[in-house]
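Everything below concerns the one structure shown next.
Bear in mind that the values in this text are calculations on the coordinates, not laboratory data. As the structure is a computational prediction, the values presented were derived from the model and not from experiment. Positions of Cβ are generated from backbone atoms using ideal geometry, with glycine treated the same way; all protein chains shown enter the neighbour counts.
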Amino acid sequence: MKKNILITGAAGFIGSHVVRLFVNKYPEYHIFNLDTLTYAGNLENLKDITDAPNYTFIKGDITDEVFIPELFAKYNFDGVIHLAAESHVDRSITDPFSFIRTNVFGTCNLLNSAKNAWKENMEGKRFYHVSTDEVYGALEFDGSFFTESTKYDPHSPYSASKASSDHFVRAYNDTYGLPVVISNCSNNYGANHFPEKLIPLSINNIKHNKPIPIYGKGENVRDWLWVNDHARAIDIIFHNGKNGQTYNIGGNNEWSNIELIHKLCEIMDRKLGREHGESAKLITFVKDRAGHDLRYAIDSSKLQNELGWKPSLQFEEGLEKTVDWYLENQEWLDNVTSGQYQNYYEKQYKERQ
């Protein structure tokens, strides 16, 4: 069935994997990638599908109150998968207002545009909001997990902005009958991850013999999810999830930061032909992040039992694949770290116009 699907933030890390999956798997859909190309948006992530007949890139801002309703009117979207967000916790601490604007106001602008565009007939429509496990706060080392009914308790401006956007999505479902689904996922890792994040930053620093910064004592625990498994989950939830429902997506892979980095150092030593333990000498403990949550852990049994999804990779296998990708794609990494990637849009799209 022919459908027009809008995927926001699809030049980013997770979004690029989602849009590639949809473009390749659903040739009968036309996939529209809406991204404002902030520092985290990189169209080099999608070079392989740029010329696909069922793919269109649109440069635009989700907070634009004129542009977004015009897009809905022009393309008659049947569905929205909303990934566009400011997502780096450290940046939210230094600049919370940009997170409020994008994550809260931008989400509401999309919701309102969808509501107005679909108000005459919401049959077959779907607004899918992609969120984070950070809205739930933190867990102790007591074996507990975040579930879909866990009370929200955000601790950073980033998680507070995402919690707020989640509430607005549910409010549009309750108030206007907008058909919505929400997912809250754990930490993602994999190819094309912007190198300010822990894993790609550490891979790059190890390769170049630079210090590996670790907050506090490295005791904070995260549940790690391979980004390709997350994209598969989004596909399943978008097509089969129940309206008004929330689904948690986790990897069942809890690792403390210091354990993760030691494992990464072992892999890098082997891949680079270094003496065992050489890369671990680069570990440098730095002042802990303000409001740094102790532990996250996701219970994804609802998604697994109701919709049949499960993670395909355990963390060590996924980490090997991730390291291999970064070592084999040095040009991508160089373009990102130098800022050269930001010229890609000008070169590839402006010259076509």
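Helices in the chain, meaning DSSP H runs of at least 4 residues, each add -39500 (n - 2.57). Divided by all residues, the mean residue ellipticity at 222 nm is -12000 deg cm²/dmol.
Ignoring aspartates and glutamates fewer than eight residues from residue 210 along the same chain, the ones with Cα atoms less than 17 angstrom from its Cα are 196, 266, 269, 275, 278, 334.
Taking only Cα atoms of the stretch 4-69, what ratio of Rg to Rh do you get with Rh as the Kirkwood inverse-distance radius?
Details: Rg = 11.3 Å, Rh = 11.8 Å.
Result: Rg/Rh = 0.95.
For the stretch 97-214, the spherically averaged projection of the C-alpha convex hull amounts to 10.1 nm².
Taking other residues whose beta carbon is less than 11 angstrom from the beta carbon of residue 1, and scoring Lys, Arg as +1 and Asp, Glu as -1, yields 0. Counting only alpha carbon atoms, the long axis of helix 157-176 and the longest principal axis of the chain meet at about 20°. A simple rule links phi to the HN-Hα coupling: the Karplus curve 6.51 cos²θ - 1.76 cosθ + 1.60 with θ = phi - 60°, which for the stretch 9-19 gives x, 7, 8, x, 4, 5, x, 5, 6, 5, 5 Hz, with x for Gly and Pro. Under the criterion of Cα pairs below 8 Å and six or more residues apart, the relative contact order for the stretch 220-353 equals 33 percent.
List 18, 323 from most exposed to least, where exposure is judged by having the fewest other Cβ atoms within 10 Å. Could you put the intermediate results ahead of the total?
Working: 18 27, 323 22.
By the 10 Å Cβ count, ascending, the order reads 323, 18.
Here, P(r) means the percent of Cα pairs in each 5 Å bin from 0 to the largest distance; for the stretch 81-140 it is 4, 15, 20, 21, 15, 11, 7, 5, 1, 0. Restricting the calculation to alpha carbons of the stretch 242-353 gives Rg and Dmax of 19.6, 54 angstrom. Excluding same-chain neighbours fewer than eight residues apart, the aspartates and glutamates reachable from residue 287 by a Cα-Cα span under 16 Å are 90, 219. With a Förster radius of 51 Å applied to the C-beta separation of residue 73 and residue 287, the computed FRET efficiency comes to 0.55. Using a cutoff of 8 angstrom between alpha carbon atoms and counting only pairs six or more residues apart, the relative contact order for the chain works out to 17 percent. The alpha carbon radius of gyration of the chain, expressed as a multiple of 2.2 N^0.38 Å, is 0.97. Rounded to the nearest 10 degrees, what's the angle between the helix 227-240 long axis and the longest principal axis of the chain, both from Cα atoms, 0 to 90? That helix lies at roughly 20 degrees to the long axis. Between 0 and 90 degrees, the angle of helix 257-272 with respect to the longest Cα principal axis of the chain falls at about 70 degrees.
Here the stretch 264-321 and the stretch 159-190 have alpha carbon centers that stand 26 Å from each other.
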